[in-house]
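Novice: Before we start, here is the structure in question, set down as C-alpha cells.
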Amino acid sequence: MSADFWPTALAYFGLSIVSAVIPWVNAELVMISAIPLAASSTALAALVVVVSAGQMTGKAAMYWLSRKSARPRSPLVQRAVDRWRARLQQRPRSALAVIFLSALVGFPPFFVVSLAAGALGVEFRRFFAAGAVGRLVHFAVVACIPELLRRAF
C-alpha cells in the first residue's frame with residue numbers, strides 16, 4: 001500500500017467512529033465512498049477492516065457509556081431492565097445472536113443494541129467479538145456490491 005493510504009485510512013477510521021455514534025451519518029455510505037480510493041483489492045480489504053474497527057470503537061464507547069450510566073429513574077423502566085437482564089443471564093447465547101444479527105444486517109438497529117448490551121450487562125468481550133464479526137462481514141458485503149452490480153449488468 002502506498003504512503004498516501006494511511007492518512008486516508010485514518011480519516012475513514014475517524015469518520016466511522018462518528019457514524020457509529022451519530023445515527024444519521026450513514027456507515028454504508030462511508031464504506032461505499034472509500035471504494036474508489038482503494039488502489040487494489042488489498043487496500044479495499046484494509047479499508048473494510050478500518051471502517052469496521054472505527055464502527056466498533058464508537059459502539060464500544062456507547063456500550064461503556066450505557067453500562068456506566070446512572071440507573072433509570074423510573075421504577076417501571078428499572079423493572080424492565082432487570083427482567084431483560086435476568087432473561088439474558090439465562091440465555092447468554094441469545095444475546096450474542098441478537099448482537100451479531102444486528103451488526104450484520106442492522107436489525108434491530110446496532111445503535112440501540114449497543115446501548116442495550118451495556119445497560120443489560122452483557123460481557124464486553126462477547127459484545128465486542130459478536131459485533132466486530134458482524135460488522136466486518138457487513139462492510140465486506142457492502143464493499144463488494146458495486147463490483148457485483150457491475151458484473152451483473
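Novice: Going through R67, R85 one at a time, which residue ends up being at pLDDT below 95, closer than 17 Å to L115 by Cβ, surrounded by 16 or more Cβ atoms within 10 Å (Cβ to Cβ) and in contact with a Gly (Cβ under 7 Å, 6 or more places away or on another chain)? Steps first, answer last, please.
Specialist: Values: R85 fails: surrounded by 16 or more Cβ atoms within 10 Å (Cβ to Cβ).
Answer to the check: R67.
Novice: Over 14 Å from the mean Cα position of the chain (by Cα), without any contact (Cβ under 8 Å) to a residue 12 or more places away in the chain and on the phi < 0 side of the Ramachandran plot, is that true of R79?
Specialist: yes
Novice: Could you list all residues from segment 116-149 that are charged (D, E, K, R) and over 10 Å from the mean Cα position of the chain (by Cα)?
Specialist: Those that are charged (D, E, K, R) and over 10 Å from the mean Cα position of the chain (by Cα): E123, R125, R126, E147.
Novice: Quick one: what pairs do we get from segment 98-112, first residue over 17 Å from V51 (Cα atoms) and modelled with pLDDT of 95 or more, second basic (K, R) and part of a helix (DSSP H, G or I), C-beta under 8 Å, 6+ apart or different chains?
Specialist: Listed pairs, sorted by first residue: I99/R126.
Novice: Output the number of the condition that I35 fails; it satisfies all remaining conditions of (1) more than 19 Å from G134 (Cβ to Cβ); (2) surrounded by fewer than 16 Cβ atoms within 10 Å (Cβ to Cβ); (3) at pLDDT 90 or above.
Specialist: Among (1) more than 19 Å from G134 (Cβ to Cβ); (2) surrounded by fewer than 16 Cβ atoms within 10 Å (Cβ to Cβ); (3) at pLDDT 90 or above, I35 violates only (2).
Novice: Looking at segment 115-137, which of its residues are without any contact (Cβ under 8 Å) to a residue 60 or more places away in the chain and under 16 Å from T57 (Cβ atoms)?
Specialist: L115, A117, G118, R125, A129, A130, V133, G134 - these are the residues of segment 115-137 that are without any contact (Cβ under 8 Å) to a residue 60 or more places away in the chain and under 16 Å from T57 (Cβ atoms).
Novice: If the Cβ limit is 8 Å and pairs must be 6+ apart or interchain, which residue in segment 20-33 that is without any contact (Cβ under 8 Å) to a residue 24 or more places away in the chain pairs with which residue that is among the polar types (S, T, N, Q) and crowded, with 16+ Cβ neighbours inside 10 Å?
Specialist: Sorted first by the residue in segment 20-33, then by its partner, the pairs are V25/S19; N26/S19; V30/S16; V30/S19.
Novice: Going residue by residue through segment 44-52, is there one that turns out to be among the small types (G, A, S), buried (at least 17 other Cβ atoms within 10 Å of the Cβ) and closer than 15 Å to H138 by Cα?
Specialist: Yes, the conditions are met somewhere in segment 44-52.
The values are calculated or read from the model by the stated rules, or taken from the named source; none is laboratory data. A quick note: this is a predicted structure, and the numbers were derived from the prediction, not measured. Quick reminder, even Gly has a Cβ in these numbers, built from the backbone with ideal geometry, and neighbours come from all protein chains shown.
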